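Quick notes on the structure that follows.
The values are calculated or read from the model by the stated rules, or taken from the named source; none is laboratory data. The structure presented is a predicted model; accordingly, all values stated were derived computationally and were not measured. Counting neighbours? That spans all protein chains shown, and the Cβs are built from the backbone with ideal geometry, glycine included. For the accessible areas, the whole protein counts, side chains as well, though only heavy atoms, and no ligand, DNA or RNA atoms are used. Shrake-Rupley method; radii C 1.70, N 1.55, O 1.52, S 1.80 Å.
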Amino acid sequence: METRHNFGSKIGAVLASAGSAVGLGNVWRFPTEVGNNGGAAFIFVYLLCIAVIGIPVMMSEFLIGRHTHANTITAFSKLAPGKWWRIEGIAGVFVAFMILSYYIIVSGWTLFYLVKSVGGQLMADKDYNLVFNDFVSNPWQPVLAGIVFMGLTHFIIARGVQSGIEKFSKLMMPMLLLIIGILVVCSFSMPGSSDGMRFLLKPDFSKLTANVLLSAVGQAFYSLSLAMGCLCTYASYFRQDTNLPKTAAGVSIIDTLVAILSGFIIFPAVFSVEGVSVDAGPGLVFITLPSVFNIAFHHIPLLGYFFSGFFYLLLLLAALTSAMSLHESVTAYLLEAFRISRRKASTIVSVSCMTLGVACSLSFGVWSHLTLFGLNIFELFDFTASKIILPIGGIIICIFTGWYLDRKLVESELTNNGTLRFRLFRLWYFLIRFVAPFAIAAVFLQELLA
Ligand code: PHE
């Protein structure tokens with residue numbers, strides 16, 4: 001069996017975890033949710049959810065992973081031998097596998113749009129609805145894009161923890177932050193962008209409904225990559241002197257900042273073009289934005305190429321660092337449980353996920369008639385993973401750390417054996433026992449009954 005490596009540096013640990021958290025959820029899903037839920041008021045509630053639920057649950061995952069230094073399934077078995085808790089580990093790894101299967105397909109779309117914008121075709125096309133639908137329903141183009149994307153992810157994971165995950169996170173995360181900075185400046189300088197800023201900054205609390213609240217909890221969970229074994233696996237590579245509460249806070253701050261800045265890239269641009277709606281839904285970045293680029297940069301197409309190229313590169317990098325963590329969650333398990341080489345384990349994951357990915361991709365075209373409960377294969381995967389297994393997993397993690405594990409063990413892990421001070425321990429303990437599980441349960445029931 002191969003030796004287990006740790007992340008070589010604390011900054012590597014933070015950037016890798018932030019890479020997992022920052023993904024399509026920030027750049028694509030967050031602005032969509034903001035648009036659908038009334039702007040600033042949603043952001044306000046979202047921040048609250050990150051602080052009260054997101055950070056505490058992330059700390060729980062960190063402490064489980066770092067304490068056991070093992071993949072997610074083994075981690076639960078080690079902490080609760082012979083108990084049913086192991087099932088939570090299995091669910092985490094399974095859900096990572098499922099999500100990776102369709103995540104690579106959407107990531108492949110970003111790759112296609114990047115190539116198209118760099119090639120200048122994106123600015124030349126006019127009917128973006130048609131472009132998008134033609135592409136996703138094509139039987140082989142999106143599959144090919146997905147395979148290329150999976151190849152990139154595989155290449156990094158097969159290289160291991162330090163020379164793969166850590167090295168590439170340290171390279172890609174700063175690039176991603178730089179691109180965001182450039183795009184925010186570009187977007188602000190568009191005429192009419194102030195309406196977009198107002199939408200993002202001026203809360204209208206009359207828009208706050210129970211539904212908005214629940215969407216915010218759901219978004220926080222998804223965006224922080226919680227309950228999928230990803231952060232638990234990464235934390236198993238943290239060094240003994242890593243400050244867990246600080247790392248969780250740092251990762252959450254980076255993730256939230258990227259989400260809000262993505263809003264600042266998208267909305268001023270969208271508002272600067274008349275007749276484009278802010279609540280366009282999932283098509284926002286693939287259908288609405290290209291037409292925004294086209295209209296806004298009508299007179300200076302070169303700037304349009306630049307803006308759209310950077311934007312899709314940003315999406316691609318964000319997706320890649322997230323896909324890496326999903327892949328690693330499964331690879332680490334295979335590698336350690338079956339004592340096979342990293343190369344073999346990662347190949348098994350890549351090939352089997354890609355096979356399922358093909359089915360997900362075809363469900364937008366030739367297999368669109370294959371449905372269960374009215375959902376096609378892609379939607380079925382997404383629904384089962386993010387609406388059912390994830391929330392239940394989240395609740396179980398809270399109960400596990402808040403009620404099952406010994407309080408002393410938990411406290412000593414969060415304070416590195418008493419060598420660090422963690423002043424907010426009592427508050428954290430209260431949140432993880434009483435607040436987070438109920439909040440997640442509320443979202444779960446609401447989504448299920450809706
Ligand atoms: N957090 C990622 C995002 O915002 C999604 C993700 C979920 C990534 C789970 C890894 C694991 O897109």
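Only one of the numbered conditions (1) modelled with pLDDT under 95; (2) within 14 Å of the chain's Cα centre (by Cα) is not met by residue 252, and that is (1). Looking across the range 1-28, the residues that are closer than 23 Å to residue 334 by Cβ and not in a helix (DSSP H, G or I) come down to 1, 2, 3, 4, 5, 6, 7, 23.
Once the range 302-315 is narrowed to residues that are of a type in the set (A, V, I, L, M) and surrounded by 24 or more Cβ atoms within 10 Å (Cβ to Cβ), the residue that is nearest to the ligand (Cβ to nearest atom) is 315. Do we find that residue 150 is modelled with pLDDT of 90 or more, more than 25 Å from residue 351 (Cα to Cα), part of a helix (DSSP H, G or I) and under 21 Å from the mean Cα position of the chain (by Cα) in this structure? No: the conditions fail for residue 150. When restricted to residues that are open to solvent by 20 Å² or more (accessible area, probe 1.4 Å) and either touching a Leu at 6+ places or on another chain (Cβ under 7 Å) or within 14 Å of residue 242 (Cβ to Cβ) (or both), the range 417-433 contains 4. Residues that are of a type in the set (Gly, Ala, Ser), crowded, with 24+ Cβ neighbours inside 10 Å and either touching a strand residue (DSSP E or B) at 6+ places or on another chain (Cβ under 7 Å) or modelled with pLDDT of 85 or more (or both) are absent from the range 265-279 altogether.
When restricted to residues that are part of a helix (DSSP H, G or I), open to solvent by 80 Å² or more (accessible area, probe 1.4 Å) and either more than 15 Å from residue 115 (Cβ to Cβ) or at pLDDT below 95 (or both), the range 133-147 contains 1. For the range 109-120, the criterion of a residue being over 22 Å from the mean Cα position of the chain (by Cα) and outside any helix (DSSP H, G or I) is satisfied by at least one position. The sole residue among 50, 43 that is away from the ligand (no atom under 14 Å from the Cβ) and either assigned to a helix (DSSP H, G or I) or not small (Gly, Ala, Ser) (or both) is 43.
Just one of the numbered conditions (1) within 29 Å of residue 239 (Cα to Cα); (2) in a loop (DSSP other than H, G, I, E, B); (3) of a type outside the set (A, V, I, L, M) is not true of residue 402: (2). Scan the range 287-308 residue by residue and report those that are part of a helix (DSSP H, G or I) and either closer than 12 Å to residue 190 by Cβ or in contact with a Ser or Thr (Cβ under 8 Å, 6 or more places away or on another chain) (or both). Of everything in the range 287-308, those that are part of a helix (DSSP H, G or I) and either closer than 12 Å to residue 190 by Cβ or in contact with a Ser or Thr (Cβ under 8 Å, 6 or more places away or on another chain) (or both) turn out to be 288, 289, 290, 292, 293, 295, 296, 303, 304, 305, 307, 308. For residue 64, the conditions (1) modelled with pLDDT under 95; (2) more than 12 Å from the ligand (Cβ to nearest atom); (3) out of contact with any Asp or Glu (no Cβ under 7 Å at 6 or more places or on another chain); (4) open to solvent by less than 10 Å² (accessible area, probe 1.4 Å) are fulfilled apart from (1). For the range 202-220, the criterion of being within 15 Å of residue 18 (Cα to Cα) and within 16 Å of the ligand (Cβ to nearest atom) is satisfied by at least one residue. The set of residues in the range 207-235 being open to solvent by 10 Å² or more (accessible area, probe 1.4 Å) and assigned to a helix (DSSP H, G or I) consists of 207, 210, 211, 213, 214, 215, 217, 218, 221, 222.
Of all residues in the range 316-345, count the ones that are within 16 Å of the ligand (Cβ to nearest atom) and under 18 Å from residue 72 (Cα atoms). Matching residues across the range 316-345 total 12.
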